[in-house]
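Each reported figure results from applying straightforward, stated rules to the coordinates on display, with no laboratory input. Only a predicted model underlies this, so the values are computations on that prediction, with no experimental measurement involved. Positions of Cβ are backbone-derived with ideal geometry, glycine not excepted, and every protein chain shown enters the neighbour counts.
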Amino acid sequence: MVKEIQELIIIALGSALVSNVVLSQFLGLCPFLGVSKKIETSAGMGTAVIFVITLASLVTSTIYKYMLTPLKITYLQTIVFILVIAALVQFVEMVLKKHLKHLYEALGIYLPLITTNCAVLGVALTNVKKDYGILYSTVNGFAVAVGFTIAIIIMAGLREKMEYNDIPEAFKGMPIVLLTAGLMAIAFCGFSGLF
Amino acid sequence: METVIVTTLVIGGIGLFIGLFLEMAAIRFKVEIDSKEEKILNALPHINCGGCGYSLCSGLAAAIVKGSAPVNSCPVGGEITSKKIAFIMETKVTNQRKMAAYVHCQGNSDVVKEEYEYTGVENCLMMAYVPNQGPKACNYGCLGFGSCVKVCPFDAIHIVKRIAVVDKKKCRACKKCIAVCPKKLISLEPVDVIYDKKHHDIQGAGAIVTCNSIDQSSETTNVCEVGCTSCGICKKVCPSNAIIIQNNLASINQDKCTKCGLCKEKCPKKTIC
């Protein structure tokens, strides 16, 4: 039991920091660059991602274990996962709209947006590749999403400060953001010595 | 062959199941949307300019239905839109004067001194970084680099002789220029009061003090030919006590003004127009 919890903590830390989904795996770059202009919106995006990835990891690993493996059609994982994730997000949106109006309004447009976020599918496929069980997959999914949130919020903070800087004309807008993202990735390399 | 059948069945089955499941969920978790909200949204102009204070037209529609915004809150749609919305909401529009943006400065390149020639970025916000806050000698007037021109979604502002001029017929009072102007020169004024230089419809035009300088009279005179020197003549001649002088600058209360035109006539600097 103790050993299991230890393993879970290591997986969680590893996914959130060491192999950060954005900065070392280059997944989910579109929202990372697209909605990181303000800390407020990026926090909203981060919450929505945590919510969706955790749920999606749980559901996809369950489907993989109890449906794809017994039928010996694991090669269909990609397409099945996409279908299931899209449907899941739709369903969750409906439920939230009806019963948790405040959470729905807080997540706003980001909830349907991240249906197509590659990080969501990426996590589901990584879980399969690393042979995680259902519990491990869910924890891993949660940790990856937390890593994403950390990265996007740091990015938004940097971008808010950059607004006031005197940036050379050629670097204004996206170029400086991409450079910043690169520097952040290098900084996150520092975590690789953690384990 | 068996593989093809199995995959087709599995994917098709999953698709069918998801479809049915979502359909059922949609019925089970249906949220009633107020039909009024939809109708109001259709009546609004759909340009999402933010002039009403809500970021989207749908936000305003929701607020109107809730009652937290008046039916005539859309500055762009004007009278026609407010009437439509009032009809949907089954209320009446309270009368409101049509407003347009007005630049409180007429210091164009003919009348105001320029201290040096500026050949940098054409942006009023840049002027915070250049010597003396821009080439114009007056530190309160229009900088003339057209930040307001760039934000105007209706092509209603243009720079004429280094000064921003609003075309009151095109202006829809969305307040975007007011927000962007670093000198806080632009404000909304009743359309019937504004004298339109371009169309010369002097008839019925009221009086507005077109200066923003709070410098003392001698300094204002030094830099600009048409700046308000707070001499007080307008205040003396005004028969309806509509003019007050504060911070070396005259201002006219448009609710009291009877558009008699005396102040315009008597103003020695022709600041009032």
In a Gaussian network model over chain A where Cα atoms closer than 10 Å are linked, find which of A:LEU179, A:LEU158, A:LEU23 has the largest mean-square fluctuation.
A:LEU179
Suppose a student asked you for the relative contact order of chain B, using Cα pairs under 8 Å spaced at least 6 residues apart; what percent would you report?
15
Range in chain A, longest, excluding exposed trypsin sites (Lys or Arg not before Pro) [loop by DSSP; at most 15 other beta-carbon atoms within 10 Å]
A:73-129
Excluding same-chain residues fewer than 8 positions from A:LYS72, which lysines have a Cα within less than 22 Å of its Cα?
A:LYS129, A:LYS130
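DSSP loop (so not H, G, I, E, B), at most 15 other Cβ within 10 Å: list which chymotrypsin sites (Phe, Trp or Tyr not before Pro) in region A:1-109 pass both filters. Let's see the in-between values first.
Details: sites: A:PHE26, A:PHE32, A:PHE51, A:TYR64, A:TYR66, A:TYR75, A:PHE81, A:PHE91, A:TYR104; in loops: A:PHE26.
Loop-located and lightly packed - A:PHE26.
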Which value at 222 nm does chain B reach when only helices count, each DSSP H run of 4 or more adding -39,500 (n - 2.57), with the total divided by all residues and rounded to the nearest 500 deg cm²/dmol?
-9000 deg cm²/dmol
What is the sum of charges, Lys and Arg at +1 and Asp and Glu at -1, for the other residues whose Cβ falls under 15 Å from the Cβ of A:GLN90?
+2
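Give me the dipole magnitude in Debye, nearest 20, for chain B about the Cα centre, with unit charges on the beta carbon: positive for Lys and Arg, negative for Asp and Glu.
The calculated dipole for chain B is roughly 920 debye.
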Under 11 Å, Cβ to Cβ, from B:GLY51 - net charge with Lys/Arg +1 and Asp/Glu -1
+3
In chain B, which whole DSSP H runs stretch at least 15 Å along their own axis (Cα) and average 0.0 or higher on the Kyte-Doolittle scale?
B:2-28, B:78-89
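Considering only the protein assembly as shown, what is the antiparallel percent among its DSSP beta bridges, to the nearest 5?
Antiparallel bridges make up about 100 percent of those DSSP assigns within the protein assembly as shown.
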Beyond 29 Å (Cα-Cα) in this structure, taken from B:LYS150/B:LYS264; B:LYS168/B:LYS270; A:LYS97/B:LYS98; A:LYS172/B:LYS184; B:LYS98/B:LYS183, we find B:LYS150/B:LYS264; A:LYS97/B:LYS98
Per residue convex hull volume, Cα only, region A:2-115, in Å³ is 148
If all Cα-Cα distances of region B:1-124 are sorted into 5 Å bins from 0 onward, what percent lands in each bin, rounded to whole numbers?
2, 9, 12, 12, 8, 6, 7, 8, 8, 7, 6, 5, 3, 3, 2, 1, 1, 0
Longest to shortest principal axis, alpha-carbon extents of chain A, angstrom
60, 44, 32
Helix-derived mean residue ellipticity, 222 nm - over chain A, DSSP H n ≥ 4, -39500 (n - 2.57), to 500
-22500 deg cm²/dmol
Please report the relative contact order for region B:35-89, taking Cα pairs under 8 Å with a sequence separation of at least 6, and give it as a percent rounded to a whole number.
36
Which of the chymotrypsin sites (Phe, Trp or Tyr not before Pro) found in region B:18-61 are in a DSSP loop and have at most 16 neighbouring Cβ atoms, other than their own, within 10 Å?
B:PHE29
When every alpha-carbon pair in region B:133-223 is counted, what percent end up more than 22 Å apart?
31
Once every Cα of chain B carries one equal point scatterer and solvent is ignored, give the base-10 log of I(q)/I(0) from the Debye formula at q = 0.17 Å⁻¹, two decimals.
-1.29
Of all alpha-carbon pairs in region A:127-195, indicate the percentage at a distance above 21 angstrom.
45
Per DSSP, loop GluC sites (Glu not before Pro) in region B:111-181 with at most 15 further Cβ within 10 Å:
B:GLU115, B:GLU117, B:GLU122
Nitroxide proxy distance, nm - points 7 Å out along Cα→Cβ at A:MET162 and B:ASN253
5.2
Which helices, taking whole DSSP H runs in chain A, have alpha carbons extending 30 angstrom or more along the helix axis plus mean Kyte-Doolittle at least 0.0?
A:39-63, A:77-99, A:134-162
Which of rounded, prolate, oblate describes the protein assembly as shown, given a ≥ b ≥ c as roots of the alpha-carbon gyration tensor eigenvalues and a/c under 1.5 marking rounded, otherwise prolate only if a/b is larger than b/c?
prolate
Amide H of B:SER187: which non-local residues (sequence gap of 5 or more, or other chain) have their own amide H closer than 5 Å, using H built in the peptide plane?
B:TYR102, B:HIS104
Across B:143-154, the residue-averaged tally of Cβ atoms belonging to other chains within 10 Å stands at 0
A correct Kirkwood calculation over the Cα atoms of region B:35-89 returns a hydrodynamic radius in Å of 10.5
Report relative contact order for region B:72-162 in percent, whole number only (criteria: Cα-Cα under 8 Å, sequence separation at least 6).
22
Amide N proximity, region A:1-37 versus A:LEU135 label position 7 Å along Cα-to-Cβ, cut-off under 13 Å
A:1-9
